[in-house]
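This report concerns only the one structure given below.
The values are calculated or read from the model by the stated rules, or taken from the named source; none is laboratory data. Note that the coordinates shown come from a computational prediction; the quantities given were computed from them, not determined experimentally. Glycine also receives a Cβ, built like all others from the backbone with ideal geometry; neighbour counts cover every protein chain displayed. For accessibility, only protein heavy atoms count, side chains too; no ligands or nucleic acids. Shrake-Rupley method; radii C 1.70, N 1.55, O 1.52, S 1.80 Å.
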Amino acid sequence: MEQRHLGRTGLRVSRLGLGTLTWARDTDEHDAAEQLKAFWEAGGTLVDTADVYADGGAEYLLGRLCEGLVPRRDLVIATKAGSVLDADRRVDGSRRHLLDALDASLERLGTDYVDLWQLHAFDPHTPLEETLQALDIAVATGRARYVGASNFSGWQLAKAATWQLSAPTLRTRLAGTQMEYSLLQRGIERELLPAARDLGVGLLPSSPLGRGVLTGKYRHATPADSRGASERLAPFVAPYLDDTAGRIVEAVTTAADGLAVTALQVALAWVRDRPGVAAPVVGARTAQQLRAALSVETLSLPDEICRALDDVSAPVHHYPDHDWSTL
């Protein structure tokens, strides 16, 4: 699998990442092992997790699989901290919480360091410089090799990255930002993506298949074994089952038929090769689903197909995203 630099750093990652959101919950140890082995054998390196996935179970499972299944040195392990399971406070970006969370992640993962440590979300109640200092401490103490952010808005990412870059010899630059991005969700193109590209922060798209909708599985009905049929995950899928999404899915399906490939491959190739993207993170429930995603490695979409998909999925951007003089 092709390797790409994450942002303006020396860290190289496979251009497709493996997500572990369902591990230790919907994906058991056997299926997770199958996924990890298939991903590694395909040349994949980037494995993304978080301390809150399955209440830490995903990290623990990944750590167990790294003991004998796949060499730790062959993986770029990314995890996140900051999200908390508290109804009164969803995010805790305090230095105390973040560093305690990192130590707990390392213990569950069974490793001395993570390759990429990411803030899971922006904490409006903690001074940003305090949050960012935790990232610097993590790198200075060897517990993290690189750092990043997730679910930041454009101004939040720009403020964080600029603060880090203002003292380059003392502070660790942000390597990447993980955000939802697909043909069904192009909101980051307004401000976040331009900021990331300008600041040299690589993009790791999550939900690159539109929460599974872009595979076409929901075109006519909701499969019984799908997320959309799950009581817990149905609300996660529902926003992408409207008429607008339906038109985009039909366009993807038409393109796939013309290229003799699958809708999954078309949707994933589109986001993988967007400017600024380092590696879409694909979360599969089974190894079979993951292998279908891995098959996109040899596919590059023709320019005319990309333009057609751009047009049909284009979000409405007006002032101030466009030059005011043209409005």
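So in segment 211-224, with the set limited to residues that are without any contact (Cβ under 8 Å) to a residue 12 or more places away in the chain and either of a type in the set (S, T, N, Q) or exposed (fewer than 11 other Cβ atoms within 10 Å of the Cβ) (or both), which one is farthest from Leu184 (Cα to Cα)? The extreme case among them is Ala224. Residue check: Ala255 meets all listed conditions (1) crowded, with 22+ Cβ neighbours inside 10 Å; (2) without any contact (Cβ under 8 Å) to a residue 24 or more places away in the chain but one, namely (2). Cβ-Cβ distances below 7 Å connect the following pairs, each with a first residue in segment 59-76 that is over 20 Å from Val13 (Cα atoms), a second residue that is at pLDDT 95 or above and of a type in the set (Lys, Arg), and a separation of six or more residues or different chains: Tyr60/Arg108. The number of residues in segment 147-190 being outside any loop (DSSP other than H, G, I, E, B), over 13 Å from the mean Cα position of the chain (by Cα), more than 29 Å from Val249 (Cα to Cα) and without any contact (Cβ under 8 Å) to a residue 60 or more places away in the chain comes to 12. Taking (1) farther than 24 Å from Leu99 by Cα; (2) touching a residue at least 24 places away in the same chain (Cβ under 8 Å); (3) open to solvent by 10 Å² or more (accessible area, probe 1.4 Å) in turn, Gln133 satisfies each apart from (1). May I ask you to verify whether Gly10 is over 26 Å from Ala161 (Cα atoms) and either at pLDDT 95 or above or open to solvent by 10 Å² or more (accessible area, probe 1.4 Å) (or both)? The answer is no for Gly10. Candidates are the residues of segment 68-118 that are small (Gly, Ala, Ser) and over 21 Å from the mean Cα position of the chain (by Cα); the one that is surrounded by the most Cβ atoms within 10 Å (Cβ to Cβ) is Ser94. Please tell me if Val312 is farther than 26 Å from Ala42 by Cβ, among the aliphatic types (A, V, I, L, M) and touching a residue at least 12 places away in the same chain (Cβ under 8 Å). It is true that Val312 is farther than 26 Å from Ala42 by Cβ, among the aliphatic types (A, V, I, L, M) and touching a residue at least 12 places away in the same chain (Cβ under 8 Å).
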